[in-house]
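> The structure follows.
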Amino acid sequence: MEFNPPAGAVSTDPLPFDPAAVDTPALVIDEAAILDAAERFAALAHGVGCQALYSLKALVIPGILERLRSPLDGFSASSEFEARLAREILGTRGLLQFVSPGLSGRNAGVIADLCDQVSFNSLPQWRRLGQVIGRSAACGLRLNPGVSFVGESRYDPCRPGSKLGIPLDQFPRSGLQGLGLHLHNNCESTRIGDLFDTLVHVQEARPDLLADASWINLGGGYLFNEAEDAERLDEAVALLGAAGRPVFLEPGAGLVQSAGFLVTSVTDCFPSSEQRVAVLDTTVNHLPEVLEYQYQPEIAGVEPGALKQTLAGASCLAGDQFGAYGLAAPLAPGDRLVLLDAGSYSFVKSHMFNGINLPTLYALTPGGHIEERRRFGYSDFLQRCGGQPDAR
Ligand SMILES: Cc1ncc(COP(=O)(O)O)c(C=O)c1O
C-alpha cells in the first residue's frame, strides 16, 4: 500500500552504539552525551553569570548524577527521595534547591536539612512551613507569572487554575525581605526569548519582585543547548539587574533527553484493517508520555520507505501504540528498532503494567563500551506487589 510517511519520523543518522549489543527491551543512556550537554549548558549559564543546576525529575540514575556533579553547580529536587539522593551524591560540595506542591508537614524537616534553598509553591504552604524550613534552608516563593507558551495545557504551568506557584496578582507586597524567587513556565522550548518575555511581563507588573529577591531561580523548560537564540539569555539575565545575587537555571530534559535510546525487538506481525501491525517487546508504559501527550517518538535502526506499519506495545491496552511509520520493508519478528530521545521522563515514569518487565538499563560509557547497569526481573515485580521473593 502506498503511503507518504507523514506520521512518525524515521532517522537515518548513525547510532552511537550497536543495537544488537543489548538484550531488549533496553534503555541505553549515552553518558558522554550527557556529560557533553552538561558542560555546554554550564558554559552557557556561567557565561551570563548564572549557576547551572540539573533538575533530577527528568532522569534519576545515580551513576549519571555522579557524572553531572562536577560540571554543574548542583541539583534541584521535587521530593524527599530526590532530595536525599541528590544530597548523597553532592555531599557537602554542591547546591541543592527544592520546590514542590508536595512539600508538607510530613517531609518539611527532612527537606530543610537536605536542601540549601526551598521555594514555597503557595502562600499557605509558606505560612505553614516557613518556620520549619527557615531554620536550616533559605526560603523563596514560586511565582506563577501567568505567561503561557505551551499549547498543550497539561504541560503548561500557567494554565487556568494552575496549582504551580503564586499568581502574580496575589503575590504579597510586603514581608518579602530576604526571600528568593522561583519561576518556571515553559516546556522543551528552544526560544530563550520566551524567558525574556516572561521577565519583561513580571517587571512591568511588579518591578520590586525581580529587584528585591535575594536569589532568583529561572527554572527549566528550555533545551538550552539547542536554543535558536541563546544570545538572548544574556539579555534576560541583564533584565534582573542581578549583580551580586545568585541566579539559577535548572533544566531537566535539556541535559538528558537526546542521550536515551529505547531499543526494542519485534515479536509479532500481522495485518489489521489494511495496516500492518508490528508488536514490540516494549510498551508505551516504558515511554508514558507517548500515551499521556500523544507524542510520537522518532525511530532509528530501520530504513524509511513507503510501507505503512503500526508499531504497537506489548500490553493489553488497545491504545498502547507508538503510531504509524513509513518503512522500506515489512518488519518481521526479531527485527530491532530504536526509539530516540528516550532519556527524559521515560525511565522515571515507566511501570510494570501487565507484569511486563522494565527495560534493562545500559550505559554507553564515554569509552564507547556498553555496560549493563540494572536488569529488572520477577522479584522487582513481586516486591512492588507486596510479595516477598525470599519467602518462595
Ligand atoms: C520547577 C521545575 N523546574 C525544572 C523542571 C525541568 O523542566 P524540563 O525538564 O522541561 O527542563 C520542571 C519540570 O517540570 C519543573 O517543574
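The values are calculated or read from the model by the stated rules, or taken from the named source; none is laboratory data. Because the structure is a prediction, the values reported are computed rather than measured. Cβ coordinates were reconstructed from backbone atoms using ideal geometry, including for glycine residues, and neighbour counts include every protein chain displayed. Accessible surface areas use protein heavy atoms only, side chains included; no ligands, DNA or RNA. Shrake-Rupley method; radii C 1.70, N 1.55, O 1.52, S 1.80 Å.
> Restricting attention to the range 248-288, report how many residues are in contact with an Asp or Glu (Cβ under 9 Å, 6 or more places away or on another chain) and within 16 Å of the ligand (Cβ to nearest atom).
7
> May I pose another question? Could you list all residues from the range 221-239 that are away from the ligand (no atom under 13 Å from the Cβ) and open to solvent by less than 10 Å² (accessible area, probe 1.4 Å)?
Passing the criteria: 233, 236.
> Right, here's the next one. Is the range 264-272 home to any residue that is open to solvent by 30 Å² or more (accessible area, probe 1.4 Å), more than 23 Å from the chain's Cα centre (by Cα) and among the aromatic types (Phe, Trp, Tyr)?
Scanning the range 264-272, I find at least one residue that is open to solvent by 30 Å² or more (accessible area, probe 1.4 Å), more than 23 Å from the chain's Cα centre (by Cα) and among the aromatic types (Phe, Trp, Tyr), so the answer is yes.
> Still on this structure, please answer the following. Got at least one residue in the range 147-160 being basic (Lys, Arg) and either under 24 Å from residue 253 (Cα atoms) or in a helix (DSSP H, G or I) (or both)?
Checked against the condition, which is being basic (Lys, Arg) and either under 24 Å from residue 253 (Cα atoms) or in a helix (DSSP H, G or I) (or both), the range 147-160 yields at least one hit.
> Give the residues of the range 273-296 that are open to solvent by 20 Å² or more (accessible area, probe 1.4 Å) and within 28 Å of residue 219 (Cβ to Cβ), sorted by residue number.
289, 291, 292, 293, 294, 295, 296, listed by residue number.
> Keeping to the range 78-95, report how many residues are open to solvent by less than 10 Å² (accessible area, probe 1.4 Å) and at positive phi.
Residues flagged as open to solvent by less than 10 Å² (accessible area, probe 1.4 Å) and at positive phi within the range 78-95 amount to 0.
> Considering only residues that are part of a helix (DSSP H, G or I) and more than 14 Å from the ligand (Cβ to nearest atom), look in the range 69-85 and name the one that is nearest to residue 108 (Cα to Cα).
Out of the qualifying residues, it is 80.
> Under 6 Å between Cβ atoms, at least 6 apart or on separate chains: pull out the pairs that start in the range 65-81 with a residue that is under 19 Å from residue 246 (Cβ atoms) and end on any residue that is among the charged types (D, E, K, R).
That search, which allows pairs on different chains as well, returns 71/39; 76/250.
> Can you tell me which of 245, 173 is of a type in the set (Lys, Arg), open to solvent by 50 Å² or more (accessible area, probe 1.4 Å) and either assigned to a loop (DSSP other than H, G, I, E, B) or away from the ligand (no atom under 16 Å from the Cβ) (or both)?
From the options 245, 173, the qualifying one is 173.
Residues checked against (1) buried (at least 20 other Cβ atoms within 10 Å of the Cβ); (2) within 24 Å of residue 220 (Cα to Cα):
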| residue | (1), (2) |
| --- | --- |
| 21 | no, no |
| 37 | yes, yes |
| 45 | yes, yes |
| 57 | yes, yes |
| 64 | yes, yes |
| 76 | yes, yes |
| 102 | no, yes |
